[in-house]
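Participant: First, the structure itself, so that you have it in front of you.
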Amino acid sequence: MNYTLNQLKIFLKIVETRSITKASEDLNLTQPAVSIQLRNFQNQFDIPLTEVIGRKIFITDFGLEIAESVENIINQVYAINYKSLSYKGLLSGRLKISVVSTGKYVMPFYLSDFIKLNPEIELLMDVTNKNRVIKSLENNEVDFALVSILPETIQVEKLDLLQNKLFLVGNSKEHAIAYTNKNFSELPLIYREKGSGTRQTMEGFIKQNSVSVLKKLTLTSNEAVKQALLAGFGYSIMPLIGIKNELQNNELQIIPVKGLPIKTVWSLIWLKGKKLSPIAVAYLDFLRQEKDKIIQEKFSWYEGY
């Protein structure tokens with residue numbers, strides 16, 4: 001065997017993305033360069049690592065086993081680098097955080113100063129829906145997760161960061177007010193996908209208030225919902241945190257409805273009993289000291305709603 005560390009990293013990225021194109025984008029390489037490195041790596045094995053059917057790449061069972069070993073090798077390489085830095089008195093290593101999709105408007109503000117203070121830290125932040133966030137935490141794949149609804153299936157510890165407010169939103173206030181008194185029955189509503197925390201909160205409000213609704217369509221991201229609202233497709237119950245610019249530019253309007261806003265809390269959570277890494281401990285200490293300052297500096301606009 002004569003594979004290189006670069007080949008290992010490229011193969012692992014292909015396994016993660018299931019795509020040569022996405023792997024090349026993530027690694028800032030050309031597609032031909034990624035394909036060549038994959039071929040050179042494959043040439044060292046008699047059993048196929050991947051299969052191409054149509055235009056889609058699939059990872060074989062053998063390839064998945066090799067990927068698991070590759071990940072262990074790369075982690076050991078990182079460990080060597082981090083140990084050498086620690087001897088220099090630098091805080092170094094990986095900080096892994098899984099964030100629910102709307103949390104992308106929150107989490108960067110709680111990370112930027114910490115990363116600036118500790119430039120040797122490698123931040124891995126995965127932004128996905130609530131179900132996948134909880135799964136990654138449950139599998140102990142991450143240090144922390146950011147959620148607005150605490151999981152019921154696992155025991156966690158938490159640090160509250162910011163209140164989360166959800167309003168009925170659309171691009172026409174007058175049209176919506178004419179229908180809100182009819183219990184939404186003629187108001188076209190846009191939903192997030194199943195597994196989304198926003199959808200769970202929205203459905204909880206509708207059920208609790210016995211609201212009759214006209215379901216217009218389902219979209220898989222907060223940004224997609226926002227664009228649909230801007231285009232006039234309908235209305236949705238959305239977190240305030242993701243629509244600041246649109247509200248300030250009068251592109252979207254908050255529709256006053258009894259029982260809204262719904263208020264939850266953005267919380268950083270971790271598995272109860274988890275032995276946190278020195279980086280994770282340092283990050284929690286940083287947040288406990290700085291979170292009020294971050295709210296005052298970055299989210300003061302939030303209190304006006």
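Participant: Given a Förster distance of 22 Å, report the FRET efficiency between residue 132 and residue 60 from their Cβ-Cβ distance, rounded to the nearest 0.05.
Facilitator: For R0 = 22 Å, the calculated efficiency reads 0.35.
Participant: Quick check: net charge around residue 138, other residues with Cβ under 13 Å of its Cβ, Lys/Arg +1 and Asp/Glu -1?
Facilitator: Computed value for this residue: +3.
Participant: In nm, to one decimal, how far is the modelled label at residue 258 from the one at residue 292, with both set 7 Å along Cα→Cβ?
Facilitator: Roughly 3.8 nm, to one decimal.
Participant: To check my understanding: the extent here is largest minus smallest coordinate of the Cα atoms along each principal axis. What are those three numbers for the chain, in Å, largest first?
Facilitator: Per principal axis, max minus min of the Cα coordinates gives 71, 51, 37 Å.
Participant: Hey, got the dipole for the chain? About the Cα centre, +1 on K and R Cβ, -1 on D and E Cβ, debye to the nearest 20?
Facilitator: 600 debye
Participant: OK, next. I need the P(r) histogram for segment 119-272: all alpha carbon pairs, bin width 10 Å from 0 out to the longest distance, whole percents.
Facilitator: 10, 38, 32, 16, 4, 0
Participant: At a Förster distance of 22 Å, what's the computed FRET efficiency of residue 2 paired with residue 77, Cβ-Cβ distance as r, to 0.05?
Facilitator: 0.85
Participant: Find, among the trypsin sites (Lys or Arg not before Pro) in segment 1-66, those assigned to loop by DSSP (not H, G, I, E, B) with at most 10 other beta-carbon atoms within 10 angstrom.
Facilitator: Here the trypsin sites (Lys or Arg not before Pro) that fit, given the DSSP loop and packing criteria, are 55.
Participant: Between residue 155 and residue 301, what is 0.36 nm times their sequence separation minus the Cα-Cα distance? Round to one decimal in nm.
Facilitator: This chain segment gains 49.2 nm when fully extended.
Participant: Just the number, please: percent antiparallel of the DSSP beta bridges in the chain, rounded to the nearest 5.
Facilitator: Bridges in the chain are about 60 percent antiparallel.
Participant: Within segment 271-303, which GluC sites (Glu not before Pro) sit in a loop by DSSP and count at most 13 neighbouring Cβ atoms inside 10 Å?
Facilitator: Answer by residue number: there is no such site.
Participant: Please compute the per residue accessible area over the chain with all protein chains in place, 1.4 Å probe, rounded to a whole number of Å².
Facilitator: 54 Å²
Participant: Let me ask something additional. Which one, 237, 78, 286, is farthest towards the positive end of the dipole of the chain when Lys and Arg carry +1 and Asp and Glu -1 on their Cβ?
Facilitator: Positive-end residue among those listed: 237.
Participant: Continuing with this model, one more query. Distance in nm between label sites at residue 212 and residue 227, each 7 Å beyond Cα in the beta-carbon direction?
Facilitator: It works out to 3.4 nm between the two label points.
Participant: Express in whole angstrom the spacing between the alpha-carbon centres of segment 134-174 and segment 222-287.
Facilitator: 9 Å
Participant: Going down the table (130/263; 116/158; 207/263; 116/298), which pairs top 21 Å between alpha carbons?
Facilitator: The answer is 116/158.
Participant: How high is the relative contact order of segment 187-303, in percent, with contacts defined as C-alpha pairs under 8 Å that are six or more residues apart?
Facilitator: 24 percent
The values are calculated or read from the model by the stated rules, or taken from the named source; none is laboratory data. None of the values given here were measured: they were computed from a predicted structure. Cβ coordinates were reconstructed from backbone atoms using ideal geometry, including for glycine residues, and neighbour counts include every protein chain displayed. Protein only, heavy atoms only, side chains kept; ligands, DNA and RNA dropped before computing areas. Shrake-Rupley method; radii C 1.70, N 1.55, O 1.52, S 1.80 Å.
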